[in-house]
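As structure tokens, the structure follows; a few thoughts come after it.
The values are calculated or read from the model by the stated rules, or taken from the named source; none is laboratory data. Being a predicted model, the structure only gives us computed values, none of them experimental. Don't worry about glycine lacking a Cβ; one is built from the backbone with ideal geometry, like all the others, and counts go over all protein chains shown.
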Amino acid sequence: MNKDRIEGNVKDVAGRIERQAGEWTGDPKKQVDGSAKQVEGKLQNTLGKLKDAAKNVSDDANTSSKPPHRLPDTLDTEESEQTRGTRR
């Protein structure tokens, strides 16, 4: 979780409180300001989520750039040697 997500959540909650206070007091300016702060917080939170997702994709791409190396099973090797000997 990065700072954009945290700050976005804080702005969203603060905007909700301000908007609700404006509704209780009948102050339309506080309602509008609170709603605007909520939207700003939601956008900042979404930006933080996108940054986290991009970082995760980048990290996954860096760690999985090499194909996994598979060691042969000992049974596969023994069976193939046995079948080679019987087919000849």
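Identify all residues within segment 1-26 that are more than 17 Å from Leu43 (Cβ to Cβ) and either in contact with a Cys (Cβ under 8 Å, 6 or more places away or on another chain) or not in a helix (DSSP H, G or I) (or both); write none if there are none.
Correct list: Gly26 only.
Determine if segment 42-59 includes at least one residue that is at pLDDT below 80 and of a type outside the set (A, V, I, L, M).
Yes: segment 42-59 contains one or more residues that are at pLDDT below 80 and of a type outside the set (A, V, I, L, M).
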